[in-house]
Amino acid sequence: GGGPGLLPIVQNVPCATVTQSSSDNFLTYSVFGPGNRDKERKYGIMTKYWRVQGSGSCHISHTRGNKVRLLLNDQSGNFEATLKSDDFEETKSCDSIGGFHILQWNLPSEFSKFSVIFKGSADLYGLMVDNGSGIAVDNIALRGCSGTIFTSINASLLQQSYRQTDVGMIILQFGGNSMPAIGSEQGIENYKNNIAKQIKYLQGIYPDTPILFIGP
């Protein structure tokens, strides 16, 4: 496959492979780091989501692709999204309220920039921008995270997310940031047990899928 893959609705850090901008009326909910917390723990596949109420937009350029998928949870049943790219414009709407949904656009030719305009109320979990068929690798950056957050994400939502996006393998890379804070054998055991708990949680949600753990 090709393309930048899974992208946040609001990009907070510089990215070498794609240029992003967005309107300033999104509310960010995140299980880790800056953002609001969600009592129902419905953070989604990127461990966070962006809530739009009324209207909003995001713009992506300096990329390559021909397929765009919007991951979302429609809150009120009136949500729609319009993708615009050069001579292409198409509006998609959700067919039901609640739960994990995907709106997909298949463009007739490869594009280098596009905009998505949102209307309604929804929790947005990210955009998947792909080019061609084949294996896609989506990187989810969690800078400074110890990797012990997955049990704090709603299991049903995470399961739907993995199934509908056809996840074939989960790669976890954590531990480097935790090393300086661990000062005893017991601390090592505690961290190992916590990581094992996360892996078992993911295995229970999405069984028969290989999980590769990379860490010190």
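The values are calculated or read from the model by the stated rules, or taken from the named source; none is laboratory data. Values in this document were obtained by computation on a predicted structure and should not be read as measured data. All Cβ positions, glycine included, derive from the backbone under ideal geometry; neighbour counts span all protein chains shown. Calculation scope for accessible area: heavy atoms of the full protein, side chains included, ligands and nucleic acids excluded. Shrake-Rupley method; radii C 1.70, N 1.55, O 1.52, S 1.80 Å.
Values as computed for the structure displayed
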read-out	value
Nearest-20 debye value, region 32-94 charge dipole, Cβ charges on Lys, Arg, Asp, Glu	460
Net charge dipole size for the chain [Lys, Arg +1 and Asp, Glu -1 on Cβ; Debye, nearest 20]	480
Heavy atoms of residue 26: accessible area, 1.4 Å probe, square angstrom to 10	30
Extreme residue, positive dipole direction of the chain, given options 10, 25, 214 (C-beta unit charges)	214
Dipole of region 72-114, positive end: most advanced residue of 114, 82, 102 [Cβ charges, Cα centre]	102
17 Å Cα cut-off, lysine pairs counted over the chain (separation 8 or more, or different chains)	9
Percent accessible area from carbon and sulfur atoms, the chain, protein chains only, probe 1.4 Å	47
Calculated FRET efficiency for the pair residue 189/residue 164, C-beta based, R₀ 45 Å, to 0.05	0.75
15 Å reach of a label modelled at residue 23, 7 Å along Cα-to-Cβ, counting backbone N of region 53-70	53-60
Computed P(r) (all Cα pairs; region 124-209; 10 Å bins; percent)	14, 42, 31, 12, 2
Extreme residue, positive dipole direction of the chain, given options 159, 132, 173 (C-beta unit charges)	173
Per residue accessible area in Å² of the chain, where ligands, DNA and RNA are left out and the probe is 1.4 Å	52
Between helix 155-164 and the chain: long-axis angle, C-alpha atoms, 0 to 90°, nearest 10	50
Sequence of 197, 39 when ordered by accessible area, the most exposed leading, probe 1.4 angstrom	39, 197
Simple label model, 7 Å out from Cα along Cβ direction - residue 95 to residue 39, nm	3.3
D (Stokes-Einstein, µm²/s), Kirkwood Cα radius, region 98-150, 0.692 mPa s at 37 °C	220
Antiparallel bridge percentage (DSSP; both residues within the chain; nearest 5)	90
Top of 132, 33, 187 by mean-square fluctuation, Gaussian network on the chain, Cα under 10 Å	187
Helix-only [θ]222 nm of the chain, DSSP H runs n ≥ 4, -39500 (n - 2.57) each, per residue, nearest 500	-4500 deg cm²/dmol
Helix 185-205 vs. the chain, principal-axis angle (Cα, 0 to 90°, nearest 10)	40
Relative contact order (%) - the chain, alpha-carbon pairs under 8 angstrom, separation at least six	24
